[in-house]
Amino acid sequence: LQFPESLDRDELKASPSNLTIAGEYSLDAFLFNGSLPGPTIRKRRGERFQIQFQNDIGQESIIHWHGMIVPPEMDGHPKDVISEGNYSYDFKINQRAGTYWYHPHPHQITGPQVYRGLAGFFIVTDEEEEALNLPSGEFEIPLIIQDRKIDDSGNLYYNPSMPERMMTGYLGEHIFINGVPNPHHEVQARPYRLRLLNGSNARIYNIAFRNGHSFTVIGSDGGLLPQPVETSELLIAPGERADLLVDFSEGFSGNSTELISKEFSVPSNGGMMGNMPQMMGQGGPEQGIEFPLMKFRINNDVDSSPSINLPQQLSEINFPSRNDVVREREIELNMEMMTGHTINGRLFEMLRVDEQISQGDTEIWEFINNSAVPHPMHIHAVQFKVLNRSGYRDLIPTESGWKDTVLVMPGERVRVIMTFNAQSGLYVFHCHNLEHEDAGMMANLEIT
Ligand code: C2O
Ligand code: CU
Ligand code: CU
């Protein structure tokens, strides 16, 4: 395993590169500053962030800071793409500590650009979090999980078939973490902080240890949870983050353990469409099957093994109150034979305003998944709280905190509450299955 490099200059230069991975695989890559994944950005709350995006990839692109609340012209709206040259970003970081990330956002080609390597961590710190003395330095491990397809000559290729574009998204059969296949990492028998990011185009993981060992969820998309939550499995959909505390000194018998994606079921919602590409022999392994993710070798020879005293209360959060809700919206996710996945019956149009919101308003949005495949729905310019979910499953541990992306399984209705305090202007919301997004499962929201 490699840790992503840290950003060492005030430029993110995206350029093409032919990359050999682990001496065995090749990727016709696009890289930020030559590194896979992109360099990790670390900033403190309150700091100003200035960077030049230099686009040398020969196609339109623009960077979006996923989870960060920034002015509209800094948000990487697809209308702001540049096909060459620079785009200057300059904004103040005014939000909670958390695991955010950045990736391109051009309309119709986000999927291939992310797949080819354009994605990195954006980690924000603040005082509240520092007071907890969580594991840091080598004991804090950012992990971006991505699945890939590999052809006979070892190329990680991107070539979704029509049914993959329209139905499942691009599902690979090989897992790469921080750009490395079959990763393993040596850890000491002590607590670690694992910052997980599902940077896959379409695949959902059910994070677990092979032996069923439990772990502690301490944070979600928008930073620390109010309270730590102990669990032995955790779903993480494309775009989502999960901040975990894992104590390798306890309960792992022997000196190694394996992180896996445990089998889970996707409701069929009365249709077979969800597995259509697989049925046609054109898709990767379907959603929900088990995958090995990575191995940890536990070094028990280190004598001082600091334990961690997590307080009952990790952070103080005031979620918006239902009493303040001025509007409820239904956001229907449908599948139509000819068009593919739509939001409220429509495909994305660059400048059409789909939802208009008054700045400062608190709203409830209900995502209704009438289709046969899962949709991780992501809203820009806001962090929300998941209120409830109808269907067969309940809220999951990460949903006790702030979220910017929420998984809506087939047949589910999921309600989220949020206050729109971002600067007025145009932002998007969309499915974070990148093939769905590219096929038009995206809409504009305007804050006025
Ligand atoms: Cu992570 Cu609009 O995207
Ligand atoms: Cu985003
Ligand atoms: Cu979708």
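Based on the mean of other Cβ atoms within 10 Å per residue, sort peptides 124-133, 164-173 so the most packed one is first. Walk me through the numbers on the way to the answer.
Details: 124-133: 15.5, 164-173: 24.0.
Peptide ranking by packing, descending: 164-173, 124-133.
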Hey, can you grab everything whose amide H is under 5 Å from the amide H of Phe176? Only 5+ residues off in sequence or another chain; H modelled, so Pro and N-termini drop out.
Gln146, Asp147, Arg148
What are the ³J(HN,Hα) values, in whole Hz, obtained from phi via the Karplus relation 6.51 cos²θ - 1.76 cosθ + 1.60 with θ = phi - 60°, for each residue of the stretch 152-160 in sequence order, with x given for Gly and Pro?
4, 9, x, 7, 7, 9, 10, 7, x
From the cross-link list Lys79/Lys149; Lys79/Lys403; Lys13/Lys43, the entries with a Cα-Cα span beyond 22 Å are Lys79/Lys149; Lys79/Lys403
Taking the stretch 81-191, how much of its Cα-Cα pair set, in percent, is spaced more than 19 angstrom apart?
63
5 angstrom amide H check on Leu12, placed H, neighbours 5+ away:
Gln52, Phe53, Gln54
Ordering of 62-68, 44-50 by burial proxy (mean other Cβ atoms within 10 Å per residue, highest first)
62-68, 44-50
Scalar couplings 3J(HN,Hα) for the stretch 411-428 by Karplus 6.51 cos²θ - 1.76 cosθ + 1.60 (θ = phi - 60°), nearest whole Hz, x for Gly and Pro, are x, 7, 10, 10, 9, 10, 10, 7, 10, 8, 9, 5, 4, 5, x, 9, 9, 10
Give me the percent relative contact order of the stretch 11-126, please, defined on Cα pairs under 8 angstrom at least 6 residues apart.
32
I need the phi-derived Karplus couplings for the stretch 288-302: 6.51 cos²θ - 1.76 cosθ + 1.60, θ = phi - 60°, integer Hz, Gly and Pro marked x.
x, 7, 6, 9, x, 9, 7, 10, 10, 9, 9, 8, 8, 7, 7
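State the dimensionless ratio Rg/Rh of the stretch 137-299 (Rg: radius of gyration of Cα atoms; Rh: Kirkwood radius).
Working: Rg = 16.7 Å, Rh = 16.8 Å.
Rg/Rh: 0.99.
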Can you tell which of Ser400, His341, Ala443 lies farthest toward the positive end of the dipole of the stretch 322-447, using +1 and -1 charges on the Cβ of basic and acidic side chains (Lys, Arg; Asp, Glu)?
Ser400
5 Å is the cut-off here: which amide hydrogens, built 1.01 Å from N in the peptide plane, fall below it relative to Val428, excluding neighbours closer than 5 in sequence?
His380, Leu445
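Averaged over every viewing direction, what's the projected area of the C-alpha convex hull for the chain? Give it in nm², one decimal, please.
Dividing the Cα hull surface by four gives the mean projection, 20.1 nm².
Where a number appears in this text, it was derived from the coordinates with a stated rule and is not lab data. No experiment lies behind these values; they were computed from the predicted model shown. Because the Cβ atoms are built from the backbone with ideal geometry, glycine has one as well, and the counts that use them run over all protein chains shown.
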